[in-house]
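A short write-up of the structure that comes next.
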Amino acid sequence: MDLSQTIIPRSDQLNFEDVQSSNITAVIKSVRAGNKEQPVFIDLEGYDGRPYKPSKSMRRVLIGGWGNDGHTWVGKSLTLAGDASVRFGGVAVGGIKVKAMSDVEDNFSLMLTVSRGKRVEHRVEKLVVQKTCPLSWFSEEAIKAPLKRLEAIYPKVREKLKDDSESLAKLDKVYQTRKSELEGVNNG
């Protein structure tokens, strides 16, 4: 029994707890304006409704790697990691830091302010992302996805493959087979 879903924090955003024990690598789905306290919301594929809200320092890192037009960040990937040493109000509360970014020339670093008069180097690795075929990705995802997720992602993958009738036929077969398996489990 996989208990990992039982420890996900209830929140409207990604939190330190989400990356405390394992990093998140995801593709940016959209970048949108936030609010006064959190001016940037970054929606990631697979985390619907729970955006990454980067701190000012991490926004500096993202701009340093990809430039200041957030719309050009869509489709790029990043790795987020937990850093327990992040302080707020003099107390170590933990935070989310950008560990790696795709679409950069090479590893890079920036000097970031951590407290008044104190700066530290923040290193970012070049993230090499293998582009996968939507059919291959769906086939791998279908093996582990519950029925609700399978039904949610199927039309999106179908749209991406709309001009490839051979791949569409394979996709439909994978979908129908896995759906039948899952419905058999739910009815049995």
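The values are calculated or read from the model by the stated rules, or taken from the named source; none is laboratory data. Please read all numbers here as calculations on a predicted model, not as lab measurements. So basically every Cβ, Gly included, is an ideal-geometry build from the backbone, and we count neighbours across all protein chains shown.
Among GLY95, GLY89, which is the only one that is at pLDDT below 85 and either at positive phi or crowded, with 18+ Cβ neighbours inside 10 Å (or both)?
Matching residue, one of GLY95, GLY89: GLY89.
Pull up region 52-67, narrow it to residues that are farther than 15 Å from VAL104 by Cα and surrounded by fewer than 19 Cβ atoms within 10 Å (Cβ to Cβ), then point me to the one that is modelled with the highest pLDDT.
Filtering first and then ranking leaves ARG59.
Can you find even one residue in region 3-21 that is closer than 27 Å to GLU141 by Cβ, part of a loop (DSSP other than H, G, I, E, B) and among the charged types (D, E, K, R)?
The answer is yes; a qualifying residue exists.
What single numbered condition from (1) within 26 Å of ASN107 (Cβ to Cβ); (2) without any contact (Cβ under 8 Å) to a residue 12 or more places away in the chain; (3) of a type in the set (Gly, Ala, Ser) fails to hold for GLY70?
All conditions pass for GLY70, except number (2).
Pull up region 38-77, narrow it to residues that are of a type in the set (Val, Ile, Thr) and touching a helix residue (DSSP H, G or I) at 6+ places or on another chain (Cβ under 7 Å), then point me to the one that is nearest to ARG119 (Cα to Cα).
VAL40
Check whether at least one residue in region 28-45 is assigned to a loop (DSSP other than H, G, I, E, B) and either among the basic types (Lys, Arg) or over 24 Å from VAL93 (Cβ atoms) (or both), and report yes or no.
Yes, because at least one residue in region 28-45 is assigned to a loop (DSSP other than H, G, I, E, B) and either among the basic types (Lys, Arg) or over 24 Å from VAL93 (Cβ atoms) (or both).
Look through region 109-119, keep the residues that are out of contact with any Asp or Glu (no Cβ under 9 Å at 6 or more places or on another chain) and surrounded by 11 or more Cβ atoms within 10 Å (Cβ to Cβ), and return whichever of them is farthest from ILE24 (Cα to Cα).
My answer is ARG119.
Pick from region 96-155 the residues that are among the acidic types (Asp, Glu) and not in a helix (DSSP H, G or I): which of them is farthest from LEU182 (Cα to Cα)?
GLU121
I need the full set of residues from region 155-182 which are surrounded by 14 or more Cβ atoms within 10 Å (Cβ to Cβ), under 12 Å from PHE138 (Cα atoms) and charged (D, E, K, R), in order please.
Passing the criteria: ARG158, LYS160, LYS170, ARG178.
Going by the conditions given, is LYS97 under 20 Å from PHE16 (Cα atoms) and under 20 Å from the mean Cα position of the chain (by Cα)?
Judged against the criteria, LYS97 is a match.
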